[in-house]
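The values are calculated or read from the model by the stated rules, or taken from the named source; none is laboratory data. Computed from a predicted structure; not experimentally measured. So basically every Cβ, Gly included, is an ideal-geometry build from the backbone, and we count neighbours across all protein chains shown. These area figures cover heavy atoms from the full protein model, side chains too; ligands, DNA and RNA do not enter into them. Shrake-Rupley method; radii C 1.70, N 1.55, O 1.52, S 1.80 Å.
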Amino acid sequence: EVGRMSSIVDIYDALTASRCYKKAMSPAAALKIMMSLQDFHLDSDLLKAFILCVGFYPVGSLVELSNNLLGLVWESNENDMKKPIVKAFYNTQYEKYYDVQMIDLSKSKLSIKRGVGPYEFDLDIDTYRHEKT
């Protein structure tokens, strides 16, 4: 069982880390690929346990919302992993920074449109990762 779990962790790391030959993939995109492997290559129960641990949208990952705002997943929601609290700060449609908004998706009509790879936009997101609300 340890070997099967380590293969899940290894694949996740390989997909979400930047390498000299490829850019990092968003956590959500990586998990989507991994879910497609569960019937033949990955243990379904262990993969589900892994997703419960890291979350479908892990804290710190970049997401685009249904209103074109881009933000960092700030806090996960144990009741619904698809509705975390997001720290939104950039509009992808107008390509400009906005005042920071904390959006609790469990109390909003907004949803996550997609997970975004860390290099998809040329943004300084480290400022927003460490900034207190």
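Could you give the dipole magnitude of the range 1-120 about its Cα centre, charging the beta-carbon of Lys and Arg +1 and that of Asp and Glu -1, in debye to the nearest 20?
Here the range 1-120 has a charge dipole of around 380 debye.
Quick one: accessible area per residue over the chain, 1.4 Å probe, rounded to a whole number of Å²?
62
Of all accessible surface on the chain at a 1.4 Å probe, what whole percent is carbon and sulfur?
51
Find the eigenvalues of the gyration tensor of the Cα atoms of the range 26-110, then list the square roots of 5 times those eigenvalues as equivalent ellipsoid semi-axes, largest first, in whole angstrom.
Working from the Cα gyration tensor, I get semi-axes of 27, 14, 9 Å.
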